[in-house]
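Worksheet for the structure shown next.
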Amino acid sequence: MPDLSQFTHLDTTKSLDNPRLHELSAHVDWLLCSGLWKIGSCFEDQLGTRPQCASHYNPQYFNRDGAVLIAFGLVDTAYAVQLETVGIQRAKFNLRTGVNTKSRDGVPHDHYSPVRPGALYAVPVRLDVATTQDEFKQVHVSYYFKRKGKVPLRRSEKRAKLLDELIDAIPMQQLRRAFESPTSPRELWKLQRKHDFKESNKEIYMELRALFDERY
């Protein structure tokens, strides 16, 4: 078992070692049954920084010091994807405590292995921010829009809705490649035309790209 005590801003006392799917599901039911949570994943050696990342867990909305480790010792990439998907869907749809935008894992966990295993964790939403999923959606504004200053809430919601629609329609790996360029929307245009979306101008592309990076 790895030494998890070094991750001082993460509760590691309730975690499971490479659990089975049904074990993970039952564990999420117990661990995340109250409050609101955003589930994430990373390599074990990133647990000291990833749950503390402001772009993913803005302290205006999340209590990063309340993060909990759900599972560790994930050594198989495909299985880690299944575990995270089960956790996200269980919290989001069954418990109604999950605030992840995505409903399944879409991040390629490159090279999870016994040498460098992965982990699942969850970061709680601040109690003074929201207590239900609907409340969280209403108050949450992305890190990107916060950095840009006063952006109308309707505009930020509109961009988030468009990204959700793109994610539902376009395979994740294709969408990820489309957002690789920091400035050019050309690859995204190709996908938008293929899937009957209106082409996004450069400004909208930049906003969508920032939102995508924030989530994934």
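Some observations on this one:
- Taken over region 84-104, the criterion of being at pLDDT below 90 and out of contact with any Phe, Trp or Tyr (no Cβ under 9 Å at 6 or more places or on another chain) is satisfied by THR101, ARG104.
- Just one of the listed residues (GLU135, GLU84, GLU44) is under 19 Å from LEU16 (Cα atoms), charged (D, E, K, R) and more than 14 Å from the chain's Cα centre (by Cα), and it is GLU44.
- Checking each residue of region 47-68 against the condition of being touching a His at 6+ places or on another chain (Cβ under 8 Å) and part of a strand (DSSP E or B) gives no match.
- Across region 151-208, the number of residues qualifying as part of a helix (DSSP H, G or I), among the acidic types (Asp, Glu) and within 21 Å of the chain's Cα centre (by Cα) comes to 5.
- Exclusive hit being surrounded by 16 or more Cβ atoms within 10 Å (Cβ to Cβ) and modelled with pLDDT of 80 or more, set VAL81, VAL115, VAL107, VAL139: VAL81
- When the test is whether a residue is closer than 24 Å to PHE93 by Cβ, surrounded by fewer than 18 Cβ atoms within 10 Å (Cβ to Cβ) and either touching a Gly at 6+ places or on another chain (Cβ under 7 Å) or of a type outside the set (Phe, Trp, Tyr) (or both), LEU16 does not pass it.
- In this structure, PHE62 does not satisfy being outside the structural domain of LEU120 (by TED's automatic domain parsing) and either surrounded by 19 or more Cβ atoms within 10 Å (Cβ to Cβ) or at pLDDT 95 or above (or both).
- GLY98 vs. criteria touching a strand residue (DSSP E or B) at 6+ places or on another chain (Cβ under 9 Å) and surrounded by fewer than 19 Cβ atoms within 10 Å (Cβ to Cβ): no
- The single condition among (1) free of Cβ contacts under 8 Å to residues at least 40 places away in the same chain; (2) more than 18 Å from PHE43 (Cβ to Cβ); (3) over 14 Å from the mean Cα position of the chain (by Cα) that TYR79 does not satisfy is (2).
The values are calculated or read from the model by the stated rules, or taken from the named source; none is laboratory data. Not measured: the values here are computed from a predicted model. Reconstructed Cβ throughout: ideal geometry from the backbone, glycine too, with neighbour counts over all protein chains shown.
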